[in-house]
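Structure first, commentary second.
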Amino acid sequence: MVPGVGRAWRLAAVAFAAAVPVAVQAAESCTAGPGPAAIANAASLHTLAWSPFGRAELGWEVYVPAVAHEIATTCDPATPGFAAALAKWQGAHHLAATGILDEPGFAALKETWQSRRPYVALRNQGNCPPPPPPERLATPRSSEAYLGKPIQLRTTTLAAYRRMVAAARAGVPGLKADPRWLTIFSGFRDPAADALRCATEGNCQGIVRAQCSAHRTGLALDLYVGQAPGYGADSSADPNRRAMVRTPLYAWLLVNAKQFGFVNYVFEPWHWEWTGEAP
């Protein structure tokens, strides 16, 4: 096992493990599985050079919680048990059941995650959804906005967000100690203002700011899910994203957000979209 990986993964898996039935946890053995695949996963976890979302990255530690949740395992990513669960998922999706996290396998996982985002389905058809009319937008309370920032969301999205936050505060220890947790730092973004900003900042159609952003729908919201020292709440730097996905809150969201209609854009741990209304 890679030093340090086990502890980080155990912390991130708290909520997922809690959501798995006791009988399933008891039946899962993290030491049973393809040993060579476990060794390969342990090696690539920090060294895989790739660009799964269009930007160069090193390793796949950021995606461990999402992958583990998808393949239904609570095992550390460097164990034979994780490799066995991955091999089972690969076989069920008509891939070579190697148990090794490779680029073709991750591409299939990414396609699965993206298929749950109605906004992505529209974009794949070449459609850019129009913004909602002003009367369908609502303003969260200042206590719901990150550092009191003015935010707007669709009325229905805000209601679903409030239900999810209430459940998270009841289910994740420590959230009440810091009022920033789950506050919103970006919601509806006016397309005209977004276009002007991406033009002036020179980052159109990139990782940072897309020309047709999901935020124009009023269904997308960026939530405070933690940050690494020295980084902002929305920094996409790898150390920052790694810190976010290791939080019990992110693990809880992976398991429970779908009950409230929310899905994650996995590259950005903070970005969630409500699916209860068409974009």
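The values are calculated or read from the model by the stated rules, or taken from the named source; none is laboratory data. Because the structure is a prediction, the values reported are computed rather than measured. Neighbour counts run over all protein chains shown; Cβ positions are idealised from the backbone, glycine included. To get the accessible areas, we keep the full protein, side chains included, count just its heavy atoms, and leave off ligands, DNA and RNA. Shrake-Rupley method; radii C 1.70, N 1.55, O 1.52, S 1.80 Å.
The table for this structure:
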quantity	calculated
Only one of ALA84, ALA78 that is in contact with a Cys (Cβ under 9 Å, 6 or more places away or on another chain), modelled with pLDDT of 95 or more and either assigned to a helix (DSSP H, G or I) or of a type in the set (A, V, I, L, M) (or both)	ALA84
Given (1) part of a loop (DSSP other than H, G, I, E, B); (2) in contact with a His (Cβ under 6 Å, 6 or more places away or on another chain), number of the condition HIS94 does not satisfy	(2)
Test: residue in region 48-68 that is touching an Asp or Glu at 6+ places or on another chain (Cβ under 8 Å), at pLDDT 95 or above, of a type in the set (Ser, Thr, Tyr) and part of a helix (DSSP H, G or I)	no
In region 134-152, the residues that are modelled with pLDDT of 95 or more and either surrounded by 10 or more Cβ atoms within 10 Å (Cβ to Cβ) or part of a loop (DSSP other than H, G, I, E, B) (or both)	ARG136, LEU137, ALA138, THR139, PRO140, ARG141, SER142, GLU144, ALA145, TYR146, ILE151, GLN152
Residue list for region 62-77, restricted to those being farther than 15 Å from LYS110 by Cα, surrounded by 14 or more Cβ atoms within 10 Å (Cβ to Cβ) and not hydroxyl-bearing (Ser, Thr, Tyr)	CYS75, ASP76, PRO77
The lone exception for ALA138 - which of (1) under 21 Å from PRO269 (Cβ atoms); (2) in contact with a Lys or Arg (Cβ under 9 Å, 6 or more places away or on another chain); (3) among the aliphatic types (A, V, I, L, M) it fails	(1)
Selection count, region 232-252, where residues are in contact with a Ser or Thr (Cβ under 9 Å, 6 or more places away or on another chain) and crowded, with 21+ Cβ neighbours inside 10 Å	1
Subset of region 89-113 (residues that are open to solvent by 30 Å² or more (accessible area, probe 1.4 Å), touching a residue at least 60 places away in the same chain (Cβ under 8 Å) and within 18 Å of the chain's Cα centre (by Cα))	LYS110
ASN127, sole failed condition from (1) closer than 16 Å to ILE71 by Cβ; (2) without any contact (Cβ under 8 Å) to a residue 12 or more places away in the chain; (3) not in a helix (DSSP H, G or I)	(1)
Residue match in region 114-123 (condition: loosely packed, with under 13 Cβ neighbours inside 10 Å, of a type in the set (Ser, Thr, Tyr), under 21 Å from the mean Cα position of the chain (by Cα) and closer than 30 Å to ASP190 by Cα)	yes
Counted residues, region 161-197 - those being part of a helix (DSSP H, G or I) and of a type in the set (Asp, Glu)	1
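Residues checked against (1) within 21 Å of the chain's Cα centre (by Cα); (2) under 16 Å from TRP270 (Cα atoms); (3) without any contact (Cβ under 8 Å) to a residue 40 or more places away in the chain:
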residue	(1), (2), (3)
TYR146	yes, yes, no
PRO150	no, no, yes
THR156	no, no, no
ARG163	yes, no, no
ALA167	yes, no, no
ALA177	no, no, yes
